[in-house]
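The values are calculated or read from the model by the stated rules, or taken from the named source; none is laboratory data. It should be emphasised that the depicted structure is a prediction, and the values quoted were computed from it without experimental measurement. Cβ coordinates were reconstructed from backbone atoms using ideal geometry, including for glycine residues, and neighbour counts include every protein chain displayed.
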Amino acid sequence: MSPFKKIITFLLLLLSAFNYAQLGFCSGSKGDPIFTENFGNGTNYGPALPAGVTNYTFITGNPNDGFYTLYYRTNLYSTWHYSLDHTPDATNGTNGKSLIVNANASTSGDFYKRTVTGLCVNTTFEFSSWLMNVYNPGSGFCGANEIPINVRFEIWNDTETILLGSGNTGNIIGTATPIWRQFALVFTTTNQTSVVLKMKNNGLGGCGNDLAIDDIEFRSCGELTTVTSPSAVGNNFVTCQSPTSIQLQANTTGSSTHFYQWQTSTDGITWTDISGANNPTYTTPNLTTQTYFRTKAAQDIANLSNPFCSTFSDVFTISFSTIPNNSVSDGDKVICSDEPIPTLSVTADSTTGINWYDAASGGVLLQSNSTSYTPITGGTYYAEAYDLISNCTSTTRTPVSLTIVPLPVATISGTASICTGNSTVLTFNGTPNSIITYNIDGGSNQNITLDSSGVAILTTAILTSNTTYNLVSVTSPILNTCINTINSSFLITINPALTATISGSTSVCNNTSTILTFTGTANATVTYNINGGSNQTIILNSSGIANLTTANLTTTTNYNLVSIGSSGPNGCTQSLSQIFTISIIPLPTVSITSDSPTCTGTSATITFTGTPDSTVTFNYDSNPNETILLNNLGTANIVTPILTSDSTYTLVSIQDSNSPSCSQPQTASTTVIVNDAPIINTPTAYEVCDENTDGLSCLFDLTTKINQITGGDPNVVVEFFETSTSGVVLP
């Protein structure tokens, strides 16, 4: 406002408040702007608008009455508000400019004028602009004489002879703070394809009536098209689930048929047609980031690509709430069953709450909106984080476990009574893998660990007096602070030693039995085995004796004492180790031979061969039995009487000279064959010639006389000797 403006009378102020028409916005859907005027950007003044756009005069600097400029801020006078332009920086960059006008003090005029061509006939359009009264009433400069701004919107035919539509903003008084306001004029063409748009000063100059104009737009206005979804209320679908896909539905008012082209955008500013998406319904692909959707609408499919003849639905937004981070477990808890149950907890972001469940998914809600939970029993519990604003939950739940370890248990068992000088085996039973602490007769504590079956075996030392094994405690293998104190003991009573021996013959004849005598503690039970075979028992009588007849033995046999045990409440068992060996004496044997045959009237020799130093019983030809002793080489000979017929010698038995002595019957025999003497014929004299006339030697062959001697008997063998007493057989 110029300081040189004249004071306008109160009457003129009242006249300026007259409204010529009512402005209004498109109640349906709008198309893309056919044109937008945002006056550029920069920190310099200007540039001047093209000729014919305004009938105000451009000035580089602060405008006086009837002048305008383009500038990035509005406080060109100290009485004007400081404000930047209306256009967002994302659209026009930083330091955007607006049209700043100091209205003429004496006349009104066109602030802005523009011709638009290429319109569709019988189509509704919206002409809009953002306005601001730049006067700051807080400056007190105009006081009660402030003249408000009042702008008239007009639409003319292309020859500016027919007014197609108009409307006034009405008086806009200066405000304590700068306020941008949008105004619009809606009209419908008949047969016009070109129109002239005007913004005029509807008030008079004076103290006030100074304004800024920005973001003038002209766009089509059709029937209202909205986008809805069965999955949402309104035009915004917020989900925690990623990825997600939903169905969209275009809804256009009125009864006319419409054609559609769906569009998508990642920023709500730049839009891209979706190929093939031309139905009233559209199912989105799986989305993971915020995405915007809208649809073009036109009554003719060809007009979908014409911004002058198509409109846009409202924008449907699919957005994703923040999925909270999983909480972090503050640690699992392990306690003994006799301890109080602790509180489980997690650490979570300050923007999240925690719900506790009994399962990794689904399950029962145990506690809500708490980072801690005190269970009533052991198990694994699950903390689910949720966003305090969106209620979105974490993708997984954080497991936190409470393990309640049962108090371990232990017992001791074994043989309660043993013989002095022996050891025994004790068995510890209890919680598998636990550690048992015990002592012997109250001595220092010792430990033994149970195996995975809950068993441990301990062999005692050699005991000679009553001994007590005391259980002190048992420690859990899971939690070493989980200790069960035990007051239990096991007494081993020591009894006097038991004794047992075997006596009897240490050797027996083959295939005979013998009697063994067991001697020891009266009424005790002796355990033994034969040659390491299965154990057998025999009970000693009140005198401590028991006899056992063996089987017939054929090989060396060992009778092994294993143990001796007594019965009764203080009975005990004593290990034994005696081995009683019974050797087998072989039975004596003998054979009999003779030098048969012999000639009648002669004797024969009978030979006995067998076990040395044994006595042989025999007879011959049914005569009474006789005996003969084999020498240390096992032989003996007898000469028969003069035999004139066959004679048979038969063995009866043989008995050795061992102790014990062994004998056995014999049945072998030998027969002496007695042959008659051969008949010998006297041969004729053998005459020879002294052919060499030496009177000493000659050659002759006596075998020629054999036939005469034997009489031709082939069974008679003839031998020749030099003399009747010579023992040398002639060759």
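When the stretch 259-292 is examined, which residues are found to be β-branched (Val, Ile, Thr) and part of a strand (DSSP E or B)? Spell out the reasoning first.
Taking the stretch 259-292 first, the residues β-branched (Val, Ile, Thr) are 264, 266, 269-270, 272, 274, 281, 283-284, 288-289, 291.
Answer for the stretch 259-292, where residues must be β-branched (Val, Ile, Thr) and part of a strand (DSSP E or B): 264, 272, 281, 283, 291.
Looking at (1) touching a strand residue (DSSP E or B) at 6+ places or on another chain (Cβ under 9 Å); (2) not hydroxyl-bearing (Ser, Thr, Tyr); (3) not assigned by TED's automatic domain parsing to the domain that holds residue 532, find the lone condition where residue 632 falls short.
Result: residue 632 passes all but (1).
In the stretch 666-680, how many residues are surrounded by 13 or more Cβ atoms within 10 Å (Cβ to Cβ) and at pLDDT 80 or above?
Just the residues of the stretch 666-680 that are surrounded by 13 or more Cβ atoms within 10 Å (Cβ to Cβ), to begin with: 666, 668-675, 678.
Then drop every residue that is not at pLDDT 80 or above, which leaves 666, 668-675.
Number of matching residues: 9.
Any chance you could count how many residues in the stretch 147-165 are within 26 Å of residue 97 (Cα to Cα) and surrounded by fewer than 22 Cβ atoms within 10 Å (Cβ to Cβ)? Break it down into steps so the answer makes sense when it comes.
Residues of the stretch 147-165 within 26 Å of residue 97 (Cα to Cα): 147-155.
Checking the rest, the ones that are also surrounded by fewer than 22 Cβ atoms within 10 Å (Cβ to Cβ) come to 148.
Selection size over the stretch 147-165: 1.
So that you can scan it fast, the table gives a plain yes or no per residue for (1) over 30 Å from residue 557 (Cα atoms); (2) modelled with pLDDT under 95:
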position	(1), (2)
602	yes, yes
612	no, no
628	yes, no
637	yes, no
659	no, yes
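So which strands (runs of 3 or more DSSP E) are wholly in the stretch 575-657 and hold at least 3 residues that are closer than 30 Å to residue 504 by Cβ and touching a residue at least 60 places away in the same chain (Cβ under 8 Å)?
On the way: elements: 579-585, 590-594, 605-610, 615-620, 626-629, 635-639, 647-655.
Of the strands (runs of 3 or more DSSP E) lying wholly inside the stretch 575-657, those with at least 3 residues that are closer than 30 Å to residue 504 by Cβ and touching a residue at least 60 places away in the same chain (Cβ under 8 Å) span 579-585.
Being surrounded by 22 or more Cβ atoms within 10 Å (Cβ to Cβ), out of contact with any Pro (no Cβ under 7 Å at 6 or more places or on another chain) and assigned to a strand (DSSP E or B) is the filter here, so list the residues in the stretch 199-215 that pass it.
Correct list: 199, 201, 210, 211, 212, 213, 214, 215.
Exactly one condition in (1) under 30 Å from residue 345 (Cα atoms); (2) surrounded by fewer than 19 Cβ atoms within 10 Å (Cβ to Cβ); (3) modelled with pLDDT of 95 or more is not met by residue 448; state its number.
Every condition holds for residue 448 apart from (1).
Take the residues in the stretch 78-102 that are of a type in the set (A, V, I, L, M) and crowded, with 17+ Cβ neighbours inside 10 Å; name whichever of them is farthest from residue 136 (Cα to Cα). Working first, answer last.
Keep residues of the stretch 78-102 that are of a type in the set (A, V, I, L, M), which gives 84, 90, 99-101.
From the residues that got through so far, the ones that are crowded, with 17+ Cβ neighbours inside 10 Å too are 84, 99-101.
Numbers: 84: 15, 99: 18, 100: 15, 101: 15 Å.
My answer is 99.
Mind listing just one residue for me: the one in the stretch 62-80 that is of a type in the set (Ser, Thr, Tyr) and outside any strand (DSSP E or B) and, of those, nearest to residue 131 (Cα to Cα)? Walk me through it before giving the result.
If we filter the stretch 62-80 for residues that are of a type in the set (Ser, Thr, Tyr), which is where we start, we get 68-69, 71-72, 74, 77-79.
Filter once more, keeping what is outside any strand (DSSP E or B): 72, 74, 77-79.
Details: 72: 15, 74: 12, 77: 18, 78: 20, 79: 18 Å.
Checked the stretch 62-80; the qualifying residue nearest to residue 131 (Cα to Cα) is 74.
With the structure loaded, tell me whether residue 507 is more than 60 Å from the chain's Cα centre (by Cα) and exposed (fewer than 11 other Cβ atoms within 10 Å of the Cβ) or whether it fails that test. Please lay out each step first, then the result.
Working: more than 60 Å from the chain's Cα centre (by Cα): yes; exposed (fewer than 11 other Cβ atoms within 10 Å of the Cβ): no.
No.
Could you grab me the full set of residues in the stretch 25-37 that are assigned to a loop (DSSP other than H, G, I, E, B) and modelled with pLDDT of 90 or more? If you could, list the steps in order and put the result at the bottom.
We begin by selecting, within the stretch 25-37, every residue assigned to a loop (DSSP other than H, G, I, E, B); these are 25-28.
Matches in the stretch 25-37: 25 only.
Report yes if residue 256 is outside any strand (DSSP E or B), of a type in the set (Ser, Thr, Tyr) and either more than 26 Å from residue 36 (Cβ to Cβ) or touching a Gly at 6+ places or on another chain (Cβ under 6 Å) (or both), otherwise no.
For residue 256, the condition - outside any strand (DSSP E or B), of a type in the set (Ser, Thr, Tyr) and either more than 26 Å from residue 36 (Cβ to Cβ) or touching a Gly at 6+ places or on another chain (Cβ under 6 Å) (or both) - is met.
Restricting attention to the stretch 216-253, which residues are farther than 13 Å from residue 284 by Cβ, aliphatic (A, V, I, L, M), outside the structural domain of residue 186 (by TED's automatic domain parsing) and assigned to a strand (DSSP E or B)?
Correct list: 238, 250.
Condition first: modelled with pLDDT of 90 or more and among the hydrophobic types (A, V, I, L, M, F, W, C). Now tell me which residues in the stretch 188-208 satisfy that.
Once the filter is applied, which keeps residues that are modelled with pLDDT of 90 or more and among the hydrophobic types (A, V, I, L, M, F, W, C), the stretch 188-208 yields 195, 196, 197, 199.
For the stretch 563-596, which residues satisfy the criterion of being farther than 27 Å from residue 529 by Cβ, buried (at least 18 other Cβ atoms within 10 Å of the Cβ) and aliphatic (A, V, I, L, M)?
Within the stretch 563-596, 590, 592 meet the criteria.
I need every pair where a residue in the stretch 269-290 that is touching a residue at least 24 places away in the same chain (Cβ under 8 Å) and assigned by TED's automatic domain parsing to the domain that holds residue 245 has its Cβ under 6 Å from the Cβ of a residue that is in a loop (DSSP other than H, G, I, E, B) and among the polar types (S, T, N, Q), sequence separation at least 6 or different chains.
284/245; 286/245; 288/242
Among the residues of the stretch 56-87, write down those that are of a type in the set (A, V, I, L, M) and farther than 13 Å from residue 180 by Cβ. Spell out how you get there, then give the answer.
Of the stretch 56-87, the ones of a type in the set (A, V, I, L, M) are 59, 70, 76, 84.
59, 70, 76 - these are the residues of the stretch 56-87 that are of a type in the set (A, V, I, L, M) and farther than 13 Å from residue 180 by Cβ.
Among the numbered conditions (1) under 27 Å from residue 481 (Cα atoms); (2) touching a Leu at 6+ places or on another chain (Cβ under 9 Å); (3) of a type in the set (Val, Ile, Thr), tell me where residue 346 comes up short.
Just one mismatch for residue 346, condition (2).
Looking at (1) over 30 Å from residue 492 (Cα atoms); (2) under 29 Å from the mean Cα position of the chain (by Cα); (3) not in a strand (DSSP E or B); (4) not hydrophobic (A, V, I, L, M, F, W, C), can you tell me which one residue 381 breaks?
(3)
If I go through the stretch 231-282 residue by residue, how many of them are among the hydroxyl-bearing types (Ser, Thr, Tyr), surrounded by 13 or more Cβ atoms within 10 Å (Cβ to Cβ) and closer than 18 Å to residue 28 by Cα?
3
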